[in-house]
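The values are calculated or read from the model by the stated rules, or taken from the named source; none is laboratory data. The structure presented is a predicted model; accordingly, all values stated were derived computationally and were not measured. Backbone-built Cβ (ideal geometry, glycine too); neighbour counts: all protein chains shown.
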Amino acid sequence: MGILQSFGSGFGNMAGVNLSRKLFGDNRIEQKREEERLRIESEKELREHAAIERMADNIEERIQQLSTISIPQDRESLIELLNQLAYLLQVYKVHDNLNTKNKIRNRYADAILVKYEQVLTIFSSMYNNDILLDHFKHTLKSARKLRFIKKYPAILVIALGALTFIIYVVIAG
């Protein structure tokens, strides 16, 4: 009985499609499918845009919180703040700038780096002979280097290609 029912349903479906094509023309079904595809695509874009907006608002809030952190004047508190910011630099890594979400994420990572530089400048001006100063400067240098490599990989590939070409010309010439 199931096979006959299935055959009947399939036959009825095909008959309905053929009747629809005869009455409304061949393009009616394709138009409906295209309209449905466009509707689904636009809903998906709206959801994605809303998610990006929420993400941007969240990042802006975090940047605002970061900017309101007061910079202490005593050595221990400065060291503690520098260590916390170094931790944040490790956690919130920079991504490439190929899509909107990465650009938004990078804004927070850049804000952390700016705050780290600000605190380090104050620390080095107040305690320029401190034994930890080299460590903090090394952390800053590493973070800047990593930021550049991650954020602008295309520039590095082009530069590496140009350097390879120059070396080849010099050796071959």
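Descriptive notes on the structure:
- Residue among Asp130, Asp134 that is in the same structural domain as Gln84 (by TED's automatic domain parsing), at pLDDT 85 or above, in a helix (DSSP H, G or I) and over 29 Å from the mean Cα position of the chain (by Cα): Asp134
- Checking each residue in segment 42-81 for being closer than 20 Å to Phe136 by Cβ and surrounded by 14 or more Cβ atoms within 10 Å (Cβ to Cβ) picks out Leu66, Pro72, Leu78, Ile79, Leu81.
- Within segment 87-110, tally of residues that are touching a residue at least 24 places away in the same chain (Cβ under 8 Å) and either part of a helix (DSSP H, G or I) or of a type outside the set (S, T, N, Q) (or both): 15
- The set of residues in segment 47-80 being small (Gly, Ala, Ser) and touching a residue at least 40 places away in the same chain (Cβ under 8 Å) consists of Ala56, Ser67.
- Members of segment 35-93 found to be within 15 Å of the chain's Cα centre (by Cα) and more than 22 Å from Leu113 (Cβ to Cβ), listed by number: Glu48, His49, Ala51, Ile52, Glu53, Arg54
- Among the residues listed as Lys145, Lys137, Lys115, the single one being out of contact with any Lys or Arg (no Cβ under 9 Å at 6 or more places or on another chain) and under 22 Å from Gln64 (Cα atoms): Lys115
- Taken together, Tyr116, Tyr168 contain a single residue that is assigned to a helix (DSSP H, G or I) and modelled with pLDDT of 90 or more, which is Tyr116.
- Hits in segment 111-158 (condition: of a type in the set (D, E, K, R) and touching a residue at least 40 places away in the same chain (Cβ under 8 Å)): Lys115, Asp130, Arg147, Lys150, Lys151
- Single unsatisfied condition, Gln73 versus (1) in contact with a helix residue (DSSP H, G or I) (Cβ under 7 Å, 6 or more places away or on another chain); (2) in a loop (DSSP other than H, G, I, E, B); (3) not hydroxyl-bearing (Ser, Thr, Tyr): (1)
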